[in-house]
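For reference, the structure is listed below as structure tokens.
The values are calculated or read from the model by the stated rules, or taken from the named source; none is laboratory data. Source: prediction; values computed, not measured. Here Cβ is always computed from backbone atoms with ideal geometry, including for glycine, and neighbour counts include all displayed protein chains.
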Amino acid sequence: MTNDKKEAILVVSFGTSHRETAEKTIGAVERDIRAKYPDKEVRRAYTSSMILKVLKKRDGVHIDNVPEALDRLLADGFTHLIIQPTHIIPGWEYEKLLRETEPYRARFSHLECSLPLLAGIRDHKEVCEAIVHQFPQLSSDEVLVLMGHGTSHPTDTIYAALDYRFKAMGNENIFMGTVEGYPSLEEVIPMVSQRSPKRVLLLPFMVVAGDHASNDMAGDDEDSWKSQFTAAGFSVTPILKGLAEFPEIRAIYLRHLEECLSEPRS
Ligand code: CO
């Protein structure tokens, strides 16, 4: 058996239809993994069927979904597989990934699913530090507002926990809001207003700077975060960068992968 050992790492992302951000973020995670594990096959899968459809229809590009990628790895003779998700929280998408992977366990000699970005307290601390390090010039009369996705899943509490942690670390001027969860923009604006900042910087707290970043955060519609902070009287600077553009964030995914490779959890 050991003679036929063929190892692969499948990097699973929600996906994005914005190709430029995809290469700077998801692509960067994959490049880091390839550089660290040159003897392993590294492949890509996306979980969003909507995005996979857009890519096929608009660009004629096929990217595997999870079952397709697993079937192809099996057909190509891979025996040992680690799945590294680029998801942020262990929410619905991560649970779906675990469910989709389950039937394949018996078909690989070894199959393990690594953790998303924010899986434990050490991750929370490192993610907050990574964000703080990214903005060394942020002055006390400026505010940085992060736009998380938010979810109906119980792990939505992670966003408020991170907001709390920034403040506990001494960064009273960093706020976390979400598009679909708690805290919402309506909850964040009054808290930001209390500081009367000279400038509000907006940064997507998402792996990619895709649709949510360019529309919900930085768009010109009156309900975008940029427009709402502007209407509240602030000078607003949106930053269209996905989290995975930051090497310190990618390092957390790589640590999870390394932990998964060195001490399998099951
Ligand atoms: Co969304």
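From the list R165, R199, R195, the one residue that fits, being closer than 21 Å to A244 by Cβ and away from the ligand (no atom under 16 Å from the Cβ), is R165.
Exactly one residue among G177, G170 is closer than 18 Å to A232 by Cα, out of contact with any Cys (no Cβ under 6 Å at 6 or more places or on another chain), at pLDDT 95 or above and outside any helix (DSSP H, G or I), and that residue is G177. For the structure I just gave you, tell me whether T79 is at pLDDT 95 or above, closer than 24 Å to L117 by Cα and surrounded by 18 or more Cβ atoms within 10 Å (Cβ to Cβ). Answer is no for this residue.
The set of residues in region 225-262 that are under 25 Å from G27 (Cβ atoms), hydrophobic (A, V, I, L, M, F, W, C), in a helix (DSSP H, G or I) and in contact with a Leu (Cβ under 8 Å, 6 or more places away or on another chain) comprises L243, I249, I252, C260. Would you mind stating whether I174 is closer than 23 Å to H133 by Cα, free of Cβ contacts under 8 Å to residues at least 40 places away in the same chain and more than 16 Å from the ligand (Cβ to nearest atom)? No.
Restricting attention to region 9-48, the residues that are over 22 Å from P204 (Cα atoms) and either modelled with pLDDT under 95 or touching a Lys or Arg at 6+ places or on another chain (Cβ under 6 Å) (or both) total 3. Annotation: G120 fulfils all but one of (1) free of Cβ contacts under 8 Å to residues at least 40 places away in the same chain; (2) under 16 Å from the mean Cα position of the chain (by Cα); (3) over 18 Å from A213 (Cβ atoms); (4) within 16 Å of the ligand (Cβ to nearest atom); the unmet one is (4).
Here is the figure for region 177-192: residues that are of a type in the set (D, E) and either buried (at least 19 other Cβ atoms within 10 Å of the Cβ) or more than 16 Å from the ligand (Cβ to nearest atom) (or both) total 2.
Taken together, D211, D216 contain a single residue that is charged (D, E, K, R), within 12 Å of the ligand (Cβ to nearest atom) and modelled with pLDDT under 95, which is D211. Can you tell which of K241, K226 is among the basic types (K, R), within 19 Å of L201 (Cα to Cα) and under 13 Å from the mean Cα position of the chain (by Cα)? When all the criteria are applied, what remains is K241. Scanning region 144-162 for residues that are without any contact (Cβ under 8 Å) to a residue 60 or more places away in the chain, away from the ligand (no atom under 16 Å from the Cβ) and either in a strand (DSSP E or B) or closer than 25 Å to P247 by Cβ (or both) turns up L144, A161, L162. The residue of region 86-117 that is farthest from the chain's Cα centre (by Cα), among those that are farther than 14 Å from L73 by Cα and of a type in the set (F, W, Y), is W92.
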